[in-house]
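One structure is given here, and the rest of the page talks about it.
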Amino acid sequence: MPSRKFADGEVVRGRWPGSSLYYEVEILSHDSKSQLYTVKYKDGTELELKENDIKPLTSFRQRKSGSTSSSPSRRRGSRGSRSRSRSRSPGRAPKSSRRSASASHQADIKEMRREILEVKLTPLVLKPFGNSISIYNGEPERTEKSDIPHKSMQYQSAFSSGERFILSPEGSYISTQYSLRPRREETKVKGTDYEEEKLVTKGPAPLRISEVVTPQRKDLEFGGAPGAFFIMLGLPGSLFLLLLLCRQNDPSLLSFPPPLPTLDELWETRVCGVYLLWFFVQALFYLLPVGKVVEGTPLVSGRRLKYRLNGFYAFILTCAVVGTSLFGGVELHYVYTHFLPLALAATVFSVILSVYLYVHSLKAPRDELSPASSGNAVYDFFIGRELNPRIGTFDLKYFCELRPGLIGWVIINLVMLLAEMKVQKRAAPSLAMILVNSFQLLYVVDALWNEEALLTTMDIIHDGFGFMLAFGDLVWVPFTYSLQAFYLVNHPHDLSWPLASVIVALKLCGYVIFRCSNSQKNAFRKNPTDPKLAHLKTIHTSTGKNLLVSGWWGFVRHPNYLGDLIMALAWSLPCGFDHLLPYFYVIYFTVLLIHREARDEHQCRRKYGLAWEKYCQRVPYRMFPYIY
């Protein structure tokens, strides 16, 4: 399946046939057989061009004068009215000139170098055709197929300073942006770029390519700083309210509010030590030199961080340690009887970690900040100021996403299964408890087995690491996602086998949708030209990427969210319908995914422009079929 680089309606620069000049054109269509693009020039001329004769707008630089209609050679010609005959070259001075030909030539070269290499950084406003949109969350979009958009992105952050900068050698190719200079002159100037780098301008130090500034958001999510503040207060309160209700004999709203525990019931230093031991044991497993090392998505600076994929091995080692402890006589019932102090210890640890992350981010370079950060201290403490905080090679966000919380969720479920047998005096766990443990175990194992897919999620590539993710990963996931198992300890429910079969079928249906859609997306991101994906239909975008409009992603816009919600319902159904509390996860998860879908929609609309509008027309349903 041959790939195409430019989308219909995109504004690019097309080479005029038989010349070396590039003019602004609009892509009309593309012939997949001949691999020719039909383009339209501003004067209405329509021609067919090869892909090699087309360049993105970002590969041309705005000229100092702001004009794109004349080349340096033409301007020199207009000043000197020089003849283009064979006997006299453009650089040769007339006989009446006092200066020599070499001096004239050197002066012209210096002038050209000064025009090319020293630019007053004034933003250029272009009126795009169609989906020629390159702004995403306030920063220019980078592509994987070409370095040119990525390089231009690094200059964008300097445009607001009004200062001058000097191109480094590796960026010298950008010198022809928004210029119609013939290629032979471009080659002539290319060799002088390295010498020009040594120039020193007056005033502040020139901005190099390596000094990239990550733009900060102005349109804040979650209600801005006030919303973030109340969320940080409300999340811990909601967690402990749910746990207190779950301990009641009657966990209905009629018994609200539940009696508050004493301080001795909430805090124990020994429990805090147990939680710290758990966290650092998982950190030790993370550092083991097992599993393959992969690269993440490109950052704003262009570099890629490396990640070791050994989450599944850490899970196996954890199961071995827990199993050995059980056979050794370790009483895991201790976790159940000290569940509230354990949740409080995890909450305190997440707050301390969030403070450390914010202080650590104050020393981080600007290009390592999160695109979601705003400059507001309260909001940045919540959303995370630094994108990938690391201690050496230890990536704190990547570690917390899957290890302590997700594996801890499985261990808590196991503790609740053993607690049910002890509290209800059963020789074997109930069928409802077995289903809850099995369903959620499959979910965790699937996430750890497909660990590499985490590197393309919004949490990793967009959101910083602050209180939102620290509390969510370390506290909210293990202590609220295990709410069904915690509920069944004191509120048993006898489940019939026919009903259990229906619930299992529902779970499998949701899992198939979830896993197949995610696998299809990840395979397409890795290799869009894979012959196995040749049957899929796509819409090309101005970023160089394609949008799937068939397969699972032609069914609804977020089939993975649909599968997730079906599985969430299957987790709660074994608890029966006596109380609403076991269904808190379904309600919360629905709200969460609707909010996340709205964030995705907003970002994709800015990122893909007209292509996203076409995608929405082809796939009108968001998460649920036949529901707008």
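Observations on the model:
- Members of the range 11-33 that are of a type outside the set (A, V, I, L, M), open to solvent by less than 60 Å² (accessible area, probe 1.4 Å) and assigned to a loop (DSSP other than H, G, I, E, B): S19, S20
- Residues satisfying the stated conditions in the range 293-329, i.e. of a type in the set (K, R) and touching a Gly at 6+ places or on another chain (Cβ under 9 Å): R304, K306, R308
- Yes/no for L276 being open to solvent by less than 40 Å² (accessible area, probe 1.4 Å) and over 20 Å from W449 (Cα atoms): no
- Check on P258, touching a Lys or Arg at 6+ places or on another chain (Cβ under 7 Å), modelled with pLDDT under 85 and over 22 Å from L474 (Cβ atoms): no
- Residues satisfying the criterion are absent from the range 476-487 (criterion: touching a Cys at 6+ places or on another chain (Cβ under 7 Å) and of a type in the set (G, A, S)).
- Scanning the range 204-244 for residues that are surrounded by 17 or more Cβ atoms within 10 Å (Cβ to Cβ), over 28 Å from the mean Cα position of the chain (by Cα) and modelled with pLDDT under 90 yields one hit, P206.
- Boolean, L369 is touching a strand residue (DSSP E or B) at 6+ places or on another chain (Cβ under 7 Å), of a type in the set (A, V, I, L, M) and buried (at least 21 other Cβ atoms within 10 Å of the Cβ): yes
- Considered as a group, the residues in the range 286-338 that are among the small types (G, A, S) and open to solvent by 40 Å² or more (accessible area, probe 1.4 Å) include one that is modelled with the highest pLDDT, and that residue is A320.
- Within the range 579-599, being buried (at least 17 other Cβ atoms within 10 Å of the Cβ) and under 17 Å from the mean Cα position of the chain (by Cα) holds for one residue alone: L593.
- The C-beta contact set for the range 302-317 (first residue hydroxyl-bearing (S, T, Y), second residue open to solvent by 80 Å² or more (accessible area, probe 1.4 Å) and in a strand (DSSP E or B), distance under 9 angstrom, 6+ apart or interchain) comprises Y307/E295.
- Entirely in the range 306-382, the helices (runs of 4 or more DSSP H) that have 1 or more residues that are among the acidic types (D, E): none
- Of all residues in the range 530-578 being within 30 Å of S482 (Cβ to Cβ) and of a type in the set (D, E, K, R), the one that is nearest to the chain's Cα centre (by Cα): D564
For (1) among the polar types (S, T, N, Q); (2) touching a residue at least 40 places away in the same chain (Cβ under 8 Å); (3) open to solvent by less than 20 Å² (accessible area, probe 1.4 Å), each residue gets a yes or a no:
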position	(1), (2), (3)
L506	no, yes, no
F524	no, no, yes
T538	yes, no, no
V556	no, yes, yes
M567	no, yes, yes
W571	no, yes, yes
G576	no, yes, yes
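- Only one of the listed residues (K292, K306) is more than 22 Å from H579 (Cβ to Cβ), of a type outside the set (G, A, S) and touching a strand residue (DSSP E or B) at 6+ places or on another chain (Cβ under 7 Å). That residue is K306.
- Applying the condition of being open to solvent by 50 Å² or more (accessible area, probe 1.4 Å) and assigned to a loop (DSSP other than H, G, I, E, B) to the range 34-61 and asking which residue is modelled with the highest pLDDT yields Q35.
- Residue in the range 348-360 that is at pLDDT 95 or above and within 19 Å of S482 (Cβ to Cβ) present: yes
- Residues that are touching a Lys or Arg at 6+ places or on another chain (Cβ under 9 Å), hydrophobic (A, V, I, L, M, F, W, C) and touching a residue at least 24 places away in the same chain (Cβ under 8 Å), drawn from the range 339-376: F339, L340, L357, A364, L369, A372
The values are calculated or read from the model by the stated rules, or taken from the named source; none is laboratory data. Computed from a predicted model, the values in this text were never measured in an experiment. Heads up, the Cβs are rebuilt from the backbone with ideal geometry, glycines too, and the neighbour counts pull from every protein chain shown. Surface accessibility is based on the protein's heavy atoms, side chains included, excluding ligands, DNA and RNA. Shrake-Rupley method; radii C 1.70, N 1.55, O 1.52, S 1.80 Å.
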